[in-house]
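The values are calculated or read from the model by the stated rules, or taken from the named source; none is laboratory data. All values reported here derive from a predicted model rather than from experimental measurement. We place every Cβ from the backbone using ideal geometry, glycine too, and count neighbours over all the protein chains shown.
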Amino acid sequence: MSRENINKFKKVLGNQKNIHANLKRLSIFIVSFLVLYGFGSQIPEGFDWQHYYKIGTLHPIWTPWSPFIIKLIAPMGFGFVFALTVMAISIRSFQNNPSPFPAILALLSLPTLWVIFMGNVDGLVLLGIMILPVGIPLVLMKPQIAAFSILANRKWLIIALIFGILTLILWGFWPERFLMVTTQEWKTEWIQDITLFPWGIIPGLILLWFSKGDEDLLMAAGSLMTPHLFPYHFIILMPALARMKWYWMLMTWAVSWTPLLANWMGPHAWHFGNLMSIFFWFGIYLNRKICLRTANKTETIYC
């Protein structure tokens, strides 16, 4: 047998192995999704799912294309959202670290359990981040933290800008509805809103500068300057626990529970949640991998 035929044979075997591996992986995903779907369908539906998403009614602050997405998934029940949420957190965590421990911590964090308890759909936003740029409409459903991930890639940013212009053509200048988060009525009603805006802009911009090209770092920095932020919005960053050294991971996970101190210390204690911005950013930044890249010369970069 000639060398050319041998190479062709090896290529065919390699392709078959890849096909089998992909089919096996797909089967695991399908079975896991169905199991989670069934489990999620049995747990009590949270307040937000019952009173908003299930009936397709959203608060005016939501982006105008969000109702179409919600009405599309609502007939499948909360089990569908639960399964997507758990799988998105787990897969993104395993992509960062093959150990199951960080994924378990991410799933058992306050932001994740809060989202599930309330029946919210932030897991769809995390899924959108994982399939960028296709997932831009999902990412921008709830852009408080997730939107900063788009800054990691120039192509994503251009596509997001084009998408944004199209939405303005279809629905007019809808971003003005976000101004409601600056009113005293909003602050009185939503005491869990821990935004540091506008005071967080300066430290946020500084950290953004050092976060170039890294989705998680950009989102952690952006969480300091976003004008609307609830502690459970950090569910988007929970899989990034897998990128940290074990002691940073445990400290950040513990910090995720600190907003509950508001039950004993009063409404201002919700702002302990802002510590997550700092712990996530430094936990990831200090554990970035050093890569060697050669292009005419060898240089050491962080990736």
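Considering Ile131, Ile169, the condition of being surrounded by fewer than 20 Cβ atoms within 10 Å (Cβ to Cβ) and within 19 Å of Ser90 (Cα to Cα) is satisfied by Ile131 alone. Screening Leu224, Leu205, Leu161 for residues that are closer than 25 Å to Ser66 by Cβ, of a type outside the set (Phe, Trp, Tyr), out of contact with any strand residue (DSSP E or B) (no Cβ under 9 Å at 6 or more places or on another chain) and free of Cβ contacts under 8 Å to residues at least 40 places away in the same chain leaves exactly one candidate, Leu161. Working only within segment 176-196, note down all residues that are touching a residue at least 40 places away in the same chain (Cβ under 8 Å) and more than 18 Å from Met265 (Cα to Cα). If the condition is that a residue be touching a residue at least 40 places away in the same chain (Cβ under 8 Å) and more than 18 Å from Met265 (Cα to Cα), then Arg177, Phe178, Met180, Val181, Thr182, Leu196 are the ones that fit. In the condition set (1) assigned to a helix (DSSP H, G or I); (2) at pLDDT 95 or above; (3) more than 16 Å from Ser66 (Cβ to Cβ), Val134 is compliant with all but (1). Answer yes or no: is there a residue in segment 209-230 that is on the phi < 0 side of the Ramachandran plot, over 17 Å from the mean Cα position of the chain (by Cα), surrounded by fewer than 22 Cβ atoms within 10 Å (Cβ to Cβ) and in a helix (DSSP H, G or I). Yes: segment 209-230 contains one or more residues that are on the phi < 0 side of the Ramachandran plot, over 17 Å from the mean Cα position of the chain (by Cα), surrounded by fewer than 22 Cβ atoms within 10 Å (Cβ to Cβ) and in a helix (DSSP H, G or I).
Against the condition loosely packed, with under 13 Cβ neighbours inside 10 Å, part of a helix (DSSP H, G or I) and at pLDDT below 95, how does His59 come out, does it pass?
No, not satisfied.
Would you confirm whether or not segment 239-253 contains a residue that is aromatic (Phe, Trp, Tyr), buried (at least 19 other Cβ atoms within 10 Å of the Cβ) and within 19 Å of Leu113 (Cβ to Cβ)? Looking for residues that are aromatic (Phe, Trp, Tyr), buried (at least 19 other Cβ atoms within 10 Å of the Cβ) and within 19 Å of Leu113 (Cβ to Cβ), one finds at least one in segment 239-253, hence yes. Does Phe101 qualify as being outside any loop (DSSP other than H, G, I, E, B), out of contact with any Phe, Trp or Tyr (no Cβ under 8 Å at 6 or more places or on another chain) and either at pLDDT below 95 or surrounded by fewer than 19 Cβ atoms within 10 Å (Cβ to Cβ) (or both)? Yes: the conditions hold for Phe101.
Kindly establish whether Gln95 is more than 15 Å from Phe230 (Cβ to Cβ), in contact with a Pro (Cβ under 9 Å, 6 or more places away or on another chain) and not charged (D, E, K, R). Criteria met by Gln95.
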